[in-house]
Every structure is written in structure tokens, then in C-alpha cells.
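The values are calculated or read from the model by the stated rules, or taken from the named source; none is laboratory data. Since we're looking at a predicted model, the values are computed, not measured. Positions of Cβ are backbone-derived with ideal geometry, glycine not excepted, and every protein chain shown enters the neighbour counts.
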Ligand code: AMP
Ligand code: ZN
């Protein structure tokens, strides 16, 4: 028999408590999801937890590191690939040790971006995630990046903790550095692309225009917004009233027009219902060349005027095209009625962080074209607008639980993957209820 003194007794008591606690931790352990995203220039990791299938998950933590492309003036695919190759593994080790995740205490599901995106960027995370899945014996879901952006609107925001999530069917404007589209979603797996972009994405255009105006850094769309917010009110009033449809209508000789114009006939030509953002950059370039005769804009007021007008016109073009789509698919007598019954409008992706865009959508979308009541708008939390792994974790959970799918480890990343082909790709594997229950551990 071992005799215990008081010290031993207390030590063994606290050890017992600890063991008991850890046992309890195991029995009440919730379903945890580790997510990794690296489709472009951000290396991102997140941990989410869910206690009930109909509850939005709790974001335990998320982290991001971004390749610095300021000096190059654009994202180089090879630089992004080597960047992720050097960051993801160490970020993941640090993140897992911070959250006590290991081979003996693994997460329950691993989600990783499968596409669309840059091939090298994608594969650096997909291969790493496959390794974790094998080592930890945990199922893996290869997630569509744009589904991630689209479903972010279901996660609570800091400002609107209590706000109701959107109800299917709903419309989403997905506007980021690589994509601009209006999507009609009927369920987690059914998406129709209503408007796509014919040249460059809106974020790319804002970045390029800002660079042309002499700004420097990453995320120049955000810098452009800050620059415009600092313009004195008096000048804003002047710029608001400035007509730039022809050079002759303003003293600056600056000309900007909206790409495509609503046909007056009342019929809808499909090629007109698309976005185009490349011409905004050409406008600034030709103005600099022909009227300023210079590579840099020396007059600060002219710079402010171009910045203001360009951002306004880029967002007006978005509104103009969406209103045309409302006409085509709403209550109009020429329409096919596709949007009737849509009550929610989501705006997501990096550019959705822009407060002027949010304001313009809210004030100028012609909701009467599709229904009597005003639309309910959903804007993600600012921290979740640009690329992040939280959205990949949440979309992966929805795919696993609602669609009952995971991804076979033979999968390869998909560089171009239209959202309307979400399930129409190789390597999806059906999961049965037993596996879902084992992974999710929900209690009745
Ligand atoms: P994403 O591709 O979703 O990561 O978004 C990145 C893009 O969003 C870049 O083109 C950024 O310039 C743009 N962006 C981020 N914040 C803002 C903002 N506040 N206003 C306009 N564009 C922004
Ligand atoms: Zn994105």
C-alpha cells in the first residue's frame, strides 16, 4: 500500500481533477473544423466549432499572412506559390499548438480551398491538407472558394450579431480581386451565374486605377477608398455635379462613360448583361497621356477628382447592370420571372468592404422590379470580406453536413471552376449518416 502525505494527497487530487476534466473535455468535446485557404496571395488558417447542425459555427480563431506585392505592382503566380510553400506549414504548426490540436487531439474535419485560383497557390495547401488528413485520419473537404465568399453572409458580424441570415433563394454580388458576378442561389449546391465579367474583376480594376493615380501598396482598392474619404466636403460637392460624359462638359477635359448602356428597346441582349471594368483604367491612362502629357498627376485636385469619379462610375456600372438583370428576371412583362420571390441580397468579397459600394447598393438597387418589399441586405463582417479561411471552414461544414459529401484524396486543385458546376467535378465522395454523426458528435 502506498501511504500518501498531505502534499501527495493534494497533488493526486488535482491530478485526478485534471484527468477528470480532460475526460469531460473529451465527452463534451464539440465538433471542430480546421480550414486552410491559399488560392491567391493570402495564406490563411482558421478553426471553427459547431454544437448544433442548425447553429452558425463559432469562430475560435483565424489568422492570415499576405505576400507583399507592392513593389511588383501585381500578384506573380510563382512568387505566390513559393510564398505559400514557405508559410503554410509553419503557420499551421503554430496555430495547432496554440489550440492544442495534435495527432492525439485532432480536429474532426479538414477543409481546404480546391479552386478556383492559381494552380501553385492552391496546390501548396491542398497537398498539405491531404497530409494532415492521412496523418490524423480525419475526413477532408475540398471547397469552392466562391462558395466560401457566398456563404460568409451566414456568419454573424460584429455589428449585427442577431441579424437573420439570408433565406434561399437569394442573390449575391461576389466582388473581389479575381471575380465579379451576380449569383442566384437556390440551395448550398444550386447556383446560377446571372452576370459574369467580360474582362478584369472589379477589385483588380480598382487596384490598377489606384496604381495609375500614383498609389503604392497592397490592396489598393482599400487605399483608394481611404483617399476618397479624405476629400473635403466642398470638393465632393463639386465633383458630384461634374459631368464627365464628354470632355467638353467639364473644365478638366476628363471623360468617363459607363460600359454598355441599357438598351432602350425594352428587350434584353445577353451580351449587355455583363460586367466590364478594364476601360476605367484605359480612361485614366489616355487622359494622362493626352491631356496631362505626363506619367504622374502633379495637380492634387485633379488626382482627387479622377479618384472620386472613377470609384463612383465603377460602382454605378455594377448597379446599372444589376438593375438591368432585375428587369430581365423580375416583374417586367418581358421578363422570365426568375427573381420573383428573392428577398435577400448578399454582397461579399474584398470589395464588399467598401462603404460607398454598400451605400450605393442599398440606395440604388431597384427592388420594385422584383418584388414589393425592400430587399434585406447582408454584408459580411469587414474582417471576412477579403480572402480568409473561416469562409472555407464554414462552406466545408455545409458541404459535409448538408450535401453529405467529402473529397477523395486523389483530388487535384481546379484552377477554373464555375460555381454552377460545384458538384460536377471528380473526387466527391458520399458520406453516410454514421460518418456524419461520428464526425459531428451532435447531441440530440
Ligand atoms: P479578395 O480577392 O476577396 O481577397 O479581395 C481583394 C480585393 O478587394 C483587392 O482588389 C482589394 O483592393 C479589394 N478591396 C479590399 N478592401 C477594399 C475596399 N475597402 N474598397 C475597395 N476595394 C477593396
Ligand atoms: Zn476571394
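Table for the structure above
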quantity: Segments classed as strands (runs of 3 or more DSSP E), wholly inside segment 35-147, with at least 3 members that are buried (at least 20 other Cβ atoms within 10 Å of the Cβ); calculated: 42-50, 109-115, 140-144
quantity: Hits in segment 153-170 (condition: within 16 Å of ligand 2 (Cβ to nearest atom) and either under 24 Å from residue 329 (Cβ atoms) or exposed (fewer than 14 other Cβ atoms within 10 Å of the Cβ) (or both)); calculated: 153
quantity: Test: residue in segment 216-225 that is away from ligand 1 (no atom under 11 Å from the Cβ), in contact with a helix residue (DSSP H, G or I) (Cβ under 6 Å, 6 or more places away or on another chain) and under 24 Å from residue 383 (Cα atoms); calculated: no
quantity: Search result, residues across segment 21-34 that are in contact with a strand residue (DSSP E or B) (Cβ under 6 Å, 6 or more places away or on another chain) and either in a helix (DSSP H, G or I) or at pLDDT 90 or above (or both); calculated: 31, 32, 33, 34
quantity: Residue under evaluation residue 444, criteria (1) in contact with a helix residue (DSSP H, G or I) (Cβ under 6 Å, 6 or more places away or on another chain); (2) at pLDDT below 95; (3) not assigned by TED's automatic domain parsing to the domain that holds residue 203, criterion not met; calculated: (1)
quantity: Given (1) at pLDDT 95 or above; (2) not in a loop (DSSP other than H, G, I, E, B), number of the condition residue 324 does not satisfy; calculated: (1)
quantity: Qualifying residues in segment 408-440 (those that are outside any loop (DSSP other than H, G, I, E, B) and under 22 Å from the mean Cα position of the chain (by Cα)) - the one surrounded by the most Cβ atoms within 10 Å (Cβ to Cβ); calculated: 419
quantity: One residue from 237, 229, 186, 251 being outside the structural domain of residue 38 (by TED's automatic domain parsing), closer than 30 Å to residue 69 by Cα and exposed (fewer than 13 other Cβ atoms within 10 Å of the Cβ); calculated: 229
quantity: Test: residue 360 is more than 16 Å from ligand 1 (Cβ to nearest atom) and either over 30 Å from residue 62 (Cα atoms) or part of a loop (DSSP other than H, G, I, E, B) (or both); calculated: no
